[in-house]
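Written out below as structure tokens is the structure these notes cover.
Nothing in this text is a laboratory measurement; each read-out follows from the coordinates by a stated rule. If you're wondering where the values come from, they're calculated on a predicted model, not measured in any experiment. Positions of Cβ are generated from backbone atoms using ideal geometry, with glycine treated the same way; all protein chains shown enter the neighbour counts.
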Amino acid sequence: MPEKKIKKALIEVAGISPRMKVLDFGCGTATLTIMIKELYPEVKLTGIDVDREILDKAGQKVREKKLDIFLLDYDGSHLPFQNKAFERILSCLVFHHLHTDAKKITMSEAFRVLGNNGEIIIADFGRSKSWVQRTLFNLIRGLDGFKSTDANAKGLLPKLISEAGFENVTIKKRFKTMFGEVQIISAEKI
């Protein structure tokens with residue numbers, strides 16, 4: 001999995017500028033979060049995840065690098081932020097873990113906490129035109145669960161993003177991996 005390459009492309013597509021307020025949704029051990037902060041030190045950056053143990057590891061990495069990043073755990077449904085709190089929301093390889101209903105709730109919450117003219121940029125598995133990539137993704141689906149990965153396998157993630165109110169939903173990049181096709185999808189809140 002070319003994780004660093006995907007994360008670099010995700011950051012490029014995001015068009016982050018200094019002093020933006022950025023949320024890393026599903027930040028895990030903060031690899032993407034740290035990459036963003038090192039490229040854009042003036043960005044106000046928050047990482048959020050449902051796994052407290054993973055966040056503890058993220059916190060340790062952030063402290064070791066002496067970076068100003070706010071890390072927060074949450075309940076997996078309501079994002080604990082005010083309306084229009086962020087200008088960018090980024091997420092890398094998280095949505096295929098969420099059941100379709102959870103994807104819808106998360107998209108709705110992302111729309112709520114994103115300011116006008118803000119963007120959401122997601123890197124995750126999507127439906128490939130290649131039968132080889134679809135077959136490889138089906139192997140991962142066996143491990144991650146068919147229910148949570150169903151919308152991704154059917155290529156419905158862009159539709160779910162659009163249904164939450166986002167506009168100009170576009171697949172910006174595609175990466176063929178040994179686990180299936182990863183797509184970078186961007187959308188705007190206008």
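Annotations
- In this rough spin-label picture, where each label sits 7 Å from Cα along the Cβ direction, the Lys57-Ser130 distance is 2.8 nm.
- Calculated on C-alpha atoms, the gyration radius of the chain divided by its Kirkwood radius gives an Rg/Rh of 0.94.
- For the range 91-108, Karplus couplings with θ = phi - 60° (6.51, -1.76, 1.60), whole Hz, Gly/Pro x: 8, 10, 6, 10, 5, 5, 8, 9, 5, 4, 4, 5, 4, 4, 4, 5, 4, 4
- Relative intensity of the range 97-188 on a log10 scale, I(q)/I(0) at q = 0.12 Å⁻¹, equals -0.36, per a Debye sum over C-alpha point scatterers of equal strength in the absence of solvent.
- Greater than 27 Å apart at Cα, pairs in Lys21/Lys176; Lys65/Lys103; Lys44/Lys189; Lys5/Lys61: Lys21/Lys176; Lys65/Lys103
- Each peptide in 14-27, 114-127, 162-175, 72-85 was scored by the mean count of other Cβ atoms within 10 Å over its residues; highest first, the order is 114-127, 14-27, 162-175, 72-85.
- Stretch gain in nm, segment Lys173-Ser108, where the contour uses 0.36 nm per residue and the Cα spacing is subtracted: 21.0 nm
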